[in-house]
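All remarks here apply to the structure that follows.
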Amino acid sequence: MNKTVFLGALTVAGLSAGAAAAATLDDVKARGSLNCGVTTGLVGFAAPDANGEWDGFDVGVCRAVAAAVLGDPTAVEFVPTTGKTRFTALASGEIDMLARNTTWTFSRDVDLKFEFTGINYYDGQGFMVPKDLGVSSAKELDGATVCIQTGTTTELNLADFFRSNNMSYEPVPIETNAEAQQNYLAGACDVYTTDASGLAATRAAFEDPSAHVILPEIVSKEPLGPLVRHGDNEWGDVVRWTLNALVAAEEYGVTSANIADMAAEPTDSPEINRLLGTEGNLGEMLGLDADWAMRAIAAGGNYGELFEKNIGENTPVGLARGLNAQWTDGGLMYAPPFR
Amino acid sequence: MSDMHQHSVAYVRETMLPEAPPPAREQGIIKWMRENLFANVPNSILTIASIVVIYYILAASLPWLLNGIWNAESIRDCREILQGAAGGCFAVLTERWNQLLFGFQYPDDQYWRPLIAFLLLFVAIAPVMFFKYIPSQFLLFTALYPFLAYWLIWGGLILAPIVALVGFVVGYFVWGRLVQRSFATGFFGAVAAAVIVWWIGGLITAGMDPEQAMLVPVASRDMGGFMLNLILGTVCVSLSIPIGIALALGRQSSMPIIKWICVVFIEFIRGVPLITLLFVANVVLAYFFPPGTNFDLIIRVIIMITAFASAYIAEVIRGGLAALPTGQYEAADSLGLDYAQAMRLIILPQALKISIPGIVNVAVGLFKDTTLVSVISMFDLVGMIRGPILASTEWNGVYWELFGFAALLFFVVCYGISQYSQWLERELTTDHK
């Protein structure tokens, strides 16, 4: 039976490859579930819990989109992808969107033919050192041995940073974060460098986190966000504005706790009314119904709630808002107006 | 002479002395230690050095094992309970054992199904493994087992595996009918008959309501944990041995096309790393399918691993064939046996016997290689550990306990396979030593 499926698939493949790009929104609605690409596991961002339920910051974006489009935050088929398989999974149509702490870069956007639909986490490369080292700035790291994951942009950033500051260093190449953790704790390197969120998660897993400090310097820009395929702008809009709705909801003080009241009848704020669909027809323009944003926010809370629940200061990951605060609080989170 | 003797000595003992025990240093544990551990100075030095090493290993690992925490919510809990003392955080195993064994998506009220399939596996392979002691009628169950196991693990309509089975049975009968004419007619007739049965069966099953399934269907995507390693290992080893034999014979064939197909296949597959084949299975094939079609990932992976293992097994068996003296081939010819008979009755039994250590070596290696699927985002045992469990906020940082557990599971299986193969070699010995 599978052989026939296989041959049939091969024949149809050539014909339908062109039609694949368009109408992801219709496909998702017809299928009744959203295929969302996530990592195979990253602390705080995406991991299944003891019951097998996916949970995390990136997962929250998937659930919000599913809630907006399908009305059900659980109607998501999570497709775990590795750093090596994520882009082919998206390009081949196996997944509808990728929410997998992926850095928005020029070549990924332009050359790989993807469309980044926003930024849900501003990350950057940082340094972690043991407190005993007595270092308070990355500029004092001349001659240090540095644990670094090979084949990543962090490797190049590190070389740039040390060269531009006229310092020397000795790299200790390692393959995975787990290996880095062991090497660093065993004293094989003075410094561990990777994305700041990763450093925080790693440090949180240490037996004595307070014996290690993350230095204030951030040496690279790593804007992480969800992405979709090129060429289907309607679907890209849905994902982009769902994310924007989460960010805007935090700005306007719409939370999962008060959203039911606010959506029940028009409030004093026209912006909130347009967002929640009690005024205007924004949902219709997207090809969705009027309550789309209301459901997306109700799924897991607004941006701030998602942050606090999964990676915020009260979680073991313990990340401060920093760059990811609302623009009104000095951060970079800035949703375009809903009108 | 005796007179002389009587006079020359003053006293002659007339009773036997009771047997005295040998001196303490020449018996029991002391003798054993003197002979084996402290026979000479270098030996003694080595013995003492080994004891010191063993002591250090045990001193480091025993408190960790015995002091382990089996009940905690998270790694932070463990550390709080231990208060800096040495001890493993085995609570991760008690909390996540089901995910390690079955993956995190297999419905937990259905765990009995893979478990039964696993137990029946022993019933099914026993007639093959202990063929001298178990009557051959039990092989019928072995033949049914793949379909039964598929149904148990994947669930869904029982009709699907039945249709597959009927296809094979019909194919077998057609083969039996047509093989008299020629082997090729029989072979292709059987394939055609089986495909027709599967096609018709596929139409029937497609028309049936999946709600009526006796067992809840579980998608391939939801398979994981050690179960996935066992599925891949068992299926691929059992498929690759017959394919490997065919390839080895094909490589020795005098028909040039068959010979070259086999040579190219074997050399190509052996020249490519398994991980590359897995990436092809996962990533490249996806480009050939229309979006939305999902040709089952497990089947893709099984095909690739089987191809890989059969190329290696073919070479092992070719070694066995080459080791047989030409006299054996000539003896078969002189008895008037045709090619199939000669192979089945004379050549292969001897060649396979020679190849057993090599085949087992490949099988053990293959079973461990199934952990490579974690790289293409399948959640086998290692994938579960590296992905979901280490990425959960509760257990990030628990390494030794998890990987130790994985090592233990793999060791048990691989050691079992190796012990069986040694037993089998002794069992098949026919030479006179």
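The values are calculated or read from the model by the stated rules, or taken from the named source; none is laboratory data. Please read all numbers here as calculations on a predicted model, not as lab measurements. Note: ideal-geometry Cβ built from the backbone for every residue, glycine included; neighbour counts use all protein chains shown.
Side notes on the structure shown:
- Among (1) touching a residue at least 12 places away in the same chain (Cβ under 8 Å); (2) within 14 Å of another protein chain (Cβ to nearest Cβ) - the single one A:Thr328 does not satisfy: (2)
- Looking only at segment B:349-378, and only at residues there that are at pLDDT 90 or above and among the charged types (D, E, K, R), the one that is surrounded by the fewest Cβ atoms within 10 Å (Cβ to Cβ): B:Lys368
- Elements of the type helices (runs of 4 or more DSSP H) sitting completely within segment B:271-364 and holding at least 2 residues that are under 21 Å from A:Arg86 (Cβ atoms) and in contact (Cβ under 8 Å) with a residue 40 or more places away in the chain: these cover B:274-279, B:297-323.
- Among the candidates B:Ile125, B:Ile162, residue that is surrounded by fewer than 16 Cβ atoms within 10 Å (Cβ to Cβ), more than 20 Å from B:Gln110 (Cα to Cα), assigned by TED's automatic domain parsing to the domain that holds B:Ile200 and not small (Gly, Ala, Ser): B:Ile162
- Inter-residue pairs, beta-carbon under 8 Å, first closer than 21 Å to A:Gly56 by Cβ and in segment A:112-136, second of a type in the set (Asp, Glu) and modelled with pLDDT of 90 or more, 6+ apart: A:Phe116/A:Asp109; A:Asn120/A:Asp58
- The set of residues from segment A:174-216 being in a strand (DSSP E or B), crowded, with 21+ Cβ neighbours inside 10 Å and of a type outside the set (Val, Ile, Thr) comprises A:Tyr192, A:Asp195.
- Check on B:Gly201, more than 22 Å from B:Leu140 (Cα to Cα), within 14 Å of chain A (Cβ to nearest Cβ), touching a residue at least 12 places away in the same chain (Cβ under 8 Å) and in contact with a helix residue (DSSP H, G or I) (Cβ under 6 Å, 6 or more places away or on another chain): yes
- Filter pass, B:Asn43 being part of a loop (DSSP other than H, G, I, E, B) and of a type outside the set (D, E, K, R): no
- Output for segment B:379-420, where each listed residue is outside any loop (DSSP other than H, G, I, E, B), crowded, with 22+ Cβ neighbours inside 10 Å and among the small types (Gly, Ala, Ser): B:Gly383, B:Gly387, B:Ala391
- Residue pairs meeting the criteria (Cβ under 6 Å; at least 6 apart or on separate chains; first within 10 Å of chain A (Cβ to nearest Cβ), in segment B:66-77; second not in a helix (DSSP H, G or I)): B:Ser74/B:Glu394; B:Ile75/B:Cys89; B:Ile75/B:Trp395; B:Ile75/B:Gly397; B:Ile75/B:Val398
- Residue in segment B:12-33 that is among the polar types (S, T, N, Q), on the phi < 0 side of the Ramachandran plot, modelled with pLDDT under 90 and out of contact with any Leu (no Cβ under 7 Å at 6 or more places or on another chain) present: yes
- So A:Ala320, is it part of a loop (DSSP other than H, G, I, E, B) and under 24 Å from the mean Cα position of the chain (by Cα): yes
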